Amino acid sequence: MKRVKLWIVGGLLALVMLPCAASAAGIEVAVGVWNQTPNGDISYKGTTALDQLSIKDNLKYRDENRVFGRIKIDTPLLFPNIYLMATPMEFSQTGSKNTSFQFGNVSIAPGPFTSEIKLDHYDVGLFYGIPGLKTATAGILNLDLGVDARIIDFRARVSGQDALSGLTVSDSKSVVIPLPMLYLGFQVKPVTWLAVEGEARGLVYEKNHYYDLIGRLKLKPFGPLFAAAGYRYEKLKIDRDGVKADARFGGPFGEVGVEF
């Protein structure tokens, strides 16, 4: 149901953006594959350190390749530019732990168990370029500043043997988390067919934080087509609705797209 709601929100956003796209000064559309390597730990309604689950050692998650997409729309006049991005992220595996642990309302016995974590996120960003910088550098350097609304579709599930009865039990937690973030982007374009780009999104509040860093090398061999390769790193620490996570996701990516 939540996934359906997110698709509805995305569709409405797309309809709203159509007039902007029709009169845009520039449009960039890209689709890529990100090799996601997970690390860190997570718990749900945990009360002791034994309830923390290591993503690498207990959950046994491995690298996953996920398709992502993004759209940048440079608007005319004084309107803010628009950045839309969708990043699926999902891991599942049979793991193990040599002690019993609490996950939600169930107590899992020592031994093997199965788990699934989904952390899909969707971004809607508004930004402006630094006035005059691109012109002053003959189109070589550009710097963007703005805000980003990230919507996280989170779900965690664990199934295993009950610590007392030995029966199979499971519990899960699903929550949609909206997060406002700051956005910084830069582009260095020494020649028309080569560009180095970077993006940073971040949020810090109370004891929580979330950082998303992207760097890419973009080649534009002919026409509007381009190919790019880079590295993306996300780090988050959250404590919300009983979910505690201190996790990192990083890895290389490649993408293809068009820009006009």
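Bear in mind that the values in this text are calculations on the coordinates, not laboratory data. Remember, predicted model here, so these are calculated numbers, not experimental data. So basically every Cβ, Gly included, is an ideal-geometry build from the backbone, and we count neighbours across all protein chains shown.
Summing -39500 (n - 2.57) over the DSSP H runs of n ≥ 4 in the chain and dividing by its residue number, what mean residue ellipticity at 222 nm do you reach, to the nearest 500 deg cm²/dmol?
After summing the helix terms and dividing by the residues of the chain, the value is -3000 deg cm²/dmol.
Can you report the principal axis dimensions of region 167-244 using only the alpha carbons, biggest first, rounded to whole angstrom?
Answer, in whole Å and largest first: 61, 35, 17 Å.
Nearest 10 degrees, 0 to 90: what angle lies between the long axis of helix 2-22 and the longest principal axis of the chain (Cα atoms)?
Between the helix axis and the principal axis of the chain, the angle is about 0 degrees.
Using Cβ counts within 10 Å as a stand-in for footprinting exposure, how do Ile152, Ile42 rank, fewest first?
Lowest count first: Ile152, Ile42.
Tell me which aspartates and glutamates have Cα within less than 16 Å of Lys97's Cα, excluding those fewer than 8 residues away on the same chain?
Lys97 reaches Asp41, Asp51, Asp57, Glu116, Asp162.
Taking neighbour Cβ counts within 10 Å as the exposure measure, how do Thr168, Thr135 sort from fewest upward? Working shown, then result.
Details: Thr168 12, Thr135 9.
Placing the least packed residue first, the sequence is Thr135, Thr168.
Restricted to Cα positions, what overall size does the chain have along the principal axes? Three whole-Å values, descending.
Principal-axis extents of the Cα atoms in the chain, largest first: 70, 31, 31 Å.
Sequence gap at least 6, Cα distance under 8 Å: using those rules, report the relative contact order of the chain to the nearest whole percent. Intermediate values should be presented prior to the final figure.
Numbers: 675 pairs, mean separation 47.3, N = 260.
Rounded, it is 18 percent for the chain.
In the neighborhood of Phe186, defined by Cβ-to-Cβ distances under 14 Å, what is the net charge if each Lys or Arg adds +1 and each Asp or Glu adds -1?
Details: positive: Lys72, Lys134, Lys189, Arg201, Arg216, Lys218; negative: Asp144, Glu197, Glu199.
Once all neighbours under 14 Å are counted, the net charge is +3.
For Ala229 paired with Ser174, estimate the spin-label separation in nm (one decimal), with each label point 7 Å from Cα along the Cα-to-Cβ line.
3.9 nm
Would you mind telling me which residue in Gly132, Gly26, Gly242 has the biggest mean-square fluctuation in a Gaussian network model of the chain, where springs connect alpha carbons within a distance under 10 angstrom?
Evaluated over the chain, the most mobile residue of the options is Gly132.
Quick check on the exposure proxy: order Asp241, Asp148 from fewest to most C-beta atoms within 10 angstrom.
Numbers: Asp241 12, Asp148 22.
Ranking Asp241, Asp148 by Cβ neighbours within 10 Å, fewest first, gives Asp241, Asp148.
Taking the alpha-carbon centroid of each part, what is the distance from region 23-77 to region 84-119 in angstrom?
Here the two parts' Cα centres lie 16 Å apart.
Under a 10 Å cutoff between Cα atoms, tell me which one of Gly104, Gly95, Gly166 has the largest fluctuation in the Gaussian network model of the chain.
Gly166
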